[in-house]
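Read through the structure below, which is laid out as structure tokens, and then see the notes.
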Amino acid sequence: MPATAKKQVHLAAQLPGIHNVTVWSDPRSESQIAIDSFIRLAQTIERGKFDFFFLAEGLRLREHKGQVYDLDIAGRPENLTVLSALAAVTTHLGLAATVNATFNEPYEVARRFATLDRLSGGRAAWNVVTSYDAFTGENFRRGGFLPEADRYTRAAEFLTTARELWDSWSGGDLKADAATGEFTAPGAGRFAHRGQHFDISGRFTTPPGPQGHPVIIQSGESDAGREFAASDAEVIFSKHNRIDAARDFYRDVKRRLAKYGRSPDDLLILPTANAVVADTDEEAAAYAEEISRELVSPQTAIAHLEAVWGRDLSAYDPDGPLPDIEPEDDAHFLKGHSVFRKGRAETARQWRKLAEERNFSIRELVIEVGGRQTFVGSPQTVADAIDDYVQTEGADGFVLVPHLTPGGLDDFVDRVVPILQEKGVHRDDYTGTTLRDHLGLSAAPRPAGWGGPGQPLRDERLRAESVRDRPARDQPLRDQSVRDQSVRDQPLRDQKETSA
Amino acid sequence: MTGTTGVTDPKGAPAAATGTPDGAPLHLAVALDGAGWHPAAWREEGARPGELLDAAYWADLVAEAEHGLIDFVTFEDALGLQSAAFHLPDDRTDQVRGSIDAVLLAAHLAPLTTHIGLVPTTNVTHTEPFHLAIGIATLDHASKGRAGWRPQISSRASDAAHFGRRTTPQLTEDDVTDSELISQPLRALFAEGAEVVEAARQLWDSWEDGAEIRDAATGRFLDRDKVHHIDFQGANFSVKGPSITPRTPQGQPLVVSLAHATTPYEFAALSSDVVAVTPHDRPGTAAILAQVAEAVERTGRDVVERPLRTFADLIVFLDDEPGSAARRKARLDEVAGAELASDAEIFTGTPAELADLLLDWRSTGLDGFRLRPGALPHDLTAITRGLVPELQRRGVFRTEYASTTLRGHLGLPRPTSRYAKAG
């Protein structure tokens, strides 16, 4: 293959919050909350011409044996708020936030992403996730009401509704023409959605940013997740620590796109990965070993095992063999972790088998099963491995998760990126300004028959319905006299403050 | 609510419960909204109407306000499009319509500024208290201690229809002619709003200082004895906690509310660190401050422990030449096709005339003023480059920031977590 035909490696990075991917005990590890940490890492990867910066979401602190889990990094800021701040101190880097479709409402989420896209000049992305977790739901008005069966249908309708809101302003609706006195086009922002989960209508406040729609990201390996990604997402995060499994996933997901009228380039597959770089392969291997042991302390090893076993294992030796007792299904034991879909018994069986085959201690086993795709070696070794992975259809690139905050990608950017650039598989500089430009995505996928920014208005049926400005469901309102007073500084026309 | 001692003023004057002694520094806030508070301001020369939803416009405005050593700026917001008729949406196309999320806007401006307080408005009727609490907490982290929050109830049917989860009380045309009448049917929404603020404050306290210990010897990142479930149970919702976001630089970001009547005065007494009121003259100011003090007493707030700062709102049109500002406002009224009407007093004049008014009204016990520029950037620049130097000449306004936090600017202490006290 000629050099010019080589696939480009897409790179993103995450500032890890919760979970044991950060070596917090390292003296170089700084705050995972302070804004300076976020700025430092974002500016580092922008220097490396990465596609985007990614933040996960946290809505409840994890608990273990009825108490707040205290062994890992805990606590993080609200991600869209952080990314809006980062938009001010970066110029090209994409900004991706995870937002749950279960504990939010489409109007607000659509508005916040439209805002981020405007503030950043077209660099917003949304990682759409769902939850059916009543534990997390205890922090919200509605509690953990959502049955698991409904979470995907709600998420799909949530995304559809958000797209309708983004499309409620067309390109020329914001006129701001001082000469003619026309600020907006008539009906700008008008929307109406009536569905199983959402029945809403009115006027959307926020004309979308340069991307029209933020880039849609999805993560998940299940069949339903793959299908959702193939139909609706533009990036999918995956997690495979073996190349053959990664290739199988890659081919399967890319194959599914055709049935939705999409080409393989319309969806990028980006596994999360670690990179451990040192002067030589030997030094890197030793360092990677050290990192693993720091990430999985003896206490952490036991806690992870307890999470699967559902019982107190504090009497066991982390450097000894796995317990010979069976797991218990005690749901109260561990909360807030997203693990063990296969169930405790099956997970325990697999872990025991693996430990016996490889003669692992508890701690060694936890280190092994917690591993993700890791590139370990000299800068040249790591660059070659990443390039090979991408060229052989294992991935379109990677989301790098540094084990140190905030300096954990300095070596990668300073030493590996230049080699990828020399190989012609990573950009020397940004060639576009939006995240869609970086990812090679031209336009957002739209539901059939739907207009979009720059297109003349929308479905006439919808418009006719929405003009009626329906009130909320259970109480008919004529909408005339409801007045938003006092905390809103709108003029009280012709009216004296009787209280004054 | 901590103490229940009510107003304990040594001089026995109720106004002193919320007022400041003479000679205390004057505080100035600026309320930013669109192209300014006059509906025709967007058509003025120098306005940037095509940029009202973009970052650079706001960055320039806030840089100017910070240049003027302003205590804080507020950002308006709402869940529906702006409207000339305030209680229902309109279909007008000749006024500014469209807005971006104020919390995200404030966060965006945080790294571009160093001292000025940033106070976004949010709705508290249709939103999730948990999301609001961590958003404002994050703004405090992002600004290193300059976050405020202006919670706002929403009773418009059109806003409720954007969420489809609930309805809100319906007011009659008669109600909307009187602010006391308006607030009556909204008491439940204000009560719920107070619960939202209280839940947020508990979440902000739920991580004590020093909860992050990084004790490698025991393998513990956290001291979990310093992280608390809040178990908030309100009449309308519950929140388990703790917050996901650790304690912020200010501990408690600053809560600001605008109030025109008894119910919102009580909301302010329960919930706010700063209350903005809308008097129209000096006697009116004194009367409102007395009402606020009564609300403080009724709610049992201990203002020694939790001071309540009082600001008066004014819409301002400022020009150096006498009479010029009034002519400019008249011209804008003509463009708009109606005379500007507002809940707040509308001032036109020179910076020196405004300084006279501010000092006169302040003697009733006000801590400061929230000025709403009639047209942006003109009237903001007139505040920062005309009014502020005038006040400095009179020795009543700072000549440099003496603090880096918003609480610091207002002389308010950094609270200790309530859970630390209990423990």
Options A:110, A:97: the member that is among the aliphatic types (A, V, I, L, M), in contact (Cβ under 8 Å) with a residue 60 or more places away in the chain and more than 8 Å from chain B (Cβ to nearest Cβ)
A:110
With criteria (1) closer than 18 Å to residue B:118 by Cβ; (2) of a type outside the set (Val, Ile, Thr); (3) assigned to a loop (DSSP other than H, G, I, E, B); (4) open to solvent by 20 Å² or more (accessible area, probe 1.4 Å), residue A:112 comes up short on (3)
If residue B:131 satisfies every condition in (1) touching a residue at least 12 places away in the same chain (Cβ under 8 Å); (2) open to solvent by 20 Å² or more (accessible area, probe 1.4 Å); (3) closer than 19 Å to residue B:142 by Cβ but one, which is the exception?
(1)
Leading residue by the ranking (farthest from the other protein chains (Cβ to nearest Cβ)) among those in segment B:217-230 that are open to solvent by 60 Å² or more (accessible area, probe 1.4 Å) and in contact with a helix residue (DSSP H, G or I) (Cβ under 9 Å, 6 or more places away or on another chain):
B:226
Name the residues in segment B:85-134 that are under 18 Å from residue A:82 (Cβ atoms), over 16 Å from the mean Cα position of the chain (by Cα) and small (Gly, Ala, Ser), would you?
B:110
Residues that are within 14 Å of chain B (Cβ to nearest Cβ) and not in a helix (DSSP H, G or I): does segment A:236-253 have at least one?
no
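Yes/no per residue for (1) farther than 19 Å from residue B:73 by Cβ; (2) touching a residue at least 40 places away in the same chain (Cβ under 8 Å); (3) open to solvent by 30 Å² or more (accessible area, probe 1.4 Å):
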| residue | (1), (2), (3) |
| --- | --- |
| B:356 | yes, no, yes |
| B:361 | yes, yes, no |
| B:371 | no, yes, no |
| B:375 | no, yes, no |
Could you say which residue among A:51, A:117 is open to solvent by less than 30 Å² (accessible area, probe 1.4 Å), within 17 Å of the chain's Cα centre (by Cα) and over 26 Å from residue A:291 (Cβ atoms)?
A:117
Only one of these conditions is not met by residue A:243: (1) modelled with pLDDT under 95; (2) within 23 Å of residue A:95 (Cα to Cα); (3) among the β-branched types (Val, Ile, Thr). Which number is it?
(2)
Yes or no: residue B:114 within 7 Å of chain A (Cβ to nearest Cβ), among the polar types (S, T, N, Q) and either surrounded by fewer than 24 Cβ atoms within 10 Å (Cβ to Cβ) or in a helix (DSSP H, G or I) (or both)?
no
Any idea which of (1) crowded, with 17+ Cβ neighbours inside 10 Å; (2) without any contact (Cβ under 8 Å) to a residue 40 or more places away in the chain is the one residue A:368 doesn't satisfy?
(1)
So, of the residues in segment A:158-197 that are touching a residue at least 12 places away in the same chain (Cβ under 8 Å) and polar (S, T, N, Q), which turns out to be nearest to residue B:44 (Cα to Cα)?
A:170
Of the conditions (1) more than 24 Å from residue B:239 (Cβ to Cβ); (2) open to solvent by less than 10 Å² (accessible area, probe 1.4 Å); (3) more than 7 Å from chain A (Cβ to nearest Cβ), residue B:121 clears all except one; give me its number.
(1)
Quickly run through segment B:268-297 and pick out the residues that are open to solvent by less than 10 Å² (accessible area, probe 1.4 Å) and of a type in the set (A, V, I, L, M, F, W, C).
B:268, B:269, B:274, B:275, B:276, B:277, B:288, B:289, B:292, B:293, B:295, B:296
Quick check, is residue B:7 among the β-branched types (Val, Ile, Thr), in contact with a strand residue (DSSP E or B) (Cβ under 9 Å, 6 or more places away or on another chain) and either open to solvent by less than 20 Å² (accessible area, probe 1.4 Å) or at pLDDT below 80 (or both)?
no
Can residue A:140 be described as under 30 Å from residue A:64 (Cα atoms) and within 13 Å of chain B (Cβ to nearest Cβ)?
yes
For residue B:157, only one of the following conditions fails: (1) touching a strand residue (DSSP E or B) at 6+ places or on another chain (Cβ under 7 Å); (2) facing chain A (nearest Cβ under 7 Å). What is its number?
(1)
Search segment A:127-181 for residues being of a type in the set (Ser, Thr, Tyr) and open to solvent by 30 Å² or more (accessible area, probe 1.4 Å), and hand back the single one that is farthest from residue A:198 (Cα to Cα).
A:180
One residue is enough: does segment A:249-262 have a residue meeting the conditions surrounded by fewer than 21 Cβ atoms within 10 Å (Cβ to Cβ), closer than 25 Å to residue A:351 by Cβ and either touching a strand residue (DSSP E or B) at 6+ places or on another chain (Cβ under 8 Å) or not polar (S, T, N, Q) (or both)?
yes
Since residue A:58 meets every condition but one in (1) surrounded by fewer than 22 Cβ atoms within 10 Å (Cβ to Cβ); (2) facing another protein chain (nearest Cβ under 9 Å), which condition does it not meet?
(1)
Can you report the number of residues in segment B:239-267 which are in a loop (DSSP other than H, G, I, E, B), touching a residue at least 60 places away in the same chain (Cβ under 8 Å) and charged (D, E, K, R)?
1
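Condition check ((1) within 8 Å of chain A (Cβ to nearest Cβ); (2) touching a strand residue (DSSP E or B) at 6+ places or on another chain (Cβ under 8 Å); (3) of a type in the set (Lys, Arg)) across all residues:
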{"position": "B:239", "(1), (2), (3)": "yes, yes, no"}
{"position": "B:247", "(1), (2), (3)": "no, yes, yes"}
{"position": "B:253", "(1), (2), (3)": "no, yes, no"}
{"position": "B:256", "(1), (2), (3)": "no, yes, no"}
{"position": "B:260", "(1), (2), (3)": "yes, yes, no"}
{"position": "B:266", "(1), (2), (3)": "no, no, no"}
{"position": "B:276", "(1), (2), (3)": "no, yes, no"}
{"position": "B:283", "(1), (2), (3)": "no, no, no"}
{"position": "B:287", "(1), (2), (3)": "yes, no, no"}
Residue check for residue A:43: part of a helix (DSSP H, G or I), over 30 Å from residue B:231 (Cβ atoms), open to solvent by 20 Å² or more (accessible area, probe 1.4 Å) and among the polar types (S, T, N, Q)
yes
Return only the number of the condition from (1) open to solvent by 30 Å² or more (accessible area, probe 1.4 Å); (2) modelled with pLDDT of 95 or more; (3) of a type in the set (Gly, Ala, Ser) that residue B:55 does not satisfy.
(1)
Residues of segment A:168-209 satisfying the condition of being among the hydrophobic types (A, V, I, L, M, F, W, C) and closer than 14 Å to residue B:97 by Cβ
A:169, A:174, A:176, A:183, A:185, A:188, A:204
Residue tally, condition surrounded by fewer than 23 Cβ atoms within 10 Å (Cβ to Cβ) and either closer than 29 Å to residue B:239 by Cα or of a type outside the set (Ser, Thr, Tyr) (or both), over segment A:77-91:
2
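The values are calculated or read from the model by the stated rules, or taken from the named source; none is laboratory data. Nothing here was measured: the structure is a model prediction, and the numbers come from that model. A quick note on method: Cβ atoms are made from the backbone with ideal geometry, for glycine too, and the neighbour counts reach across all protein chains shown. Accessible surface areas use protein heavy atoms only, side chains included; no ligands, DNA or RNA. Shrake-Rupley method; radii C 1.70, N 1.55, O 1.52, S 1.80 Å.
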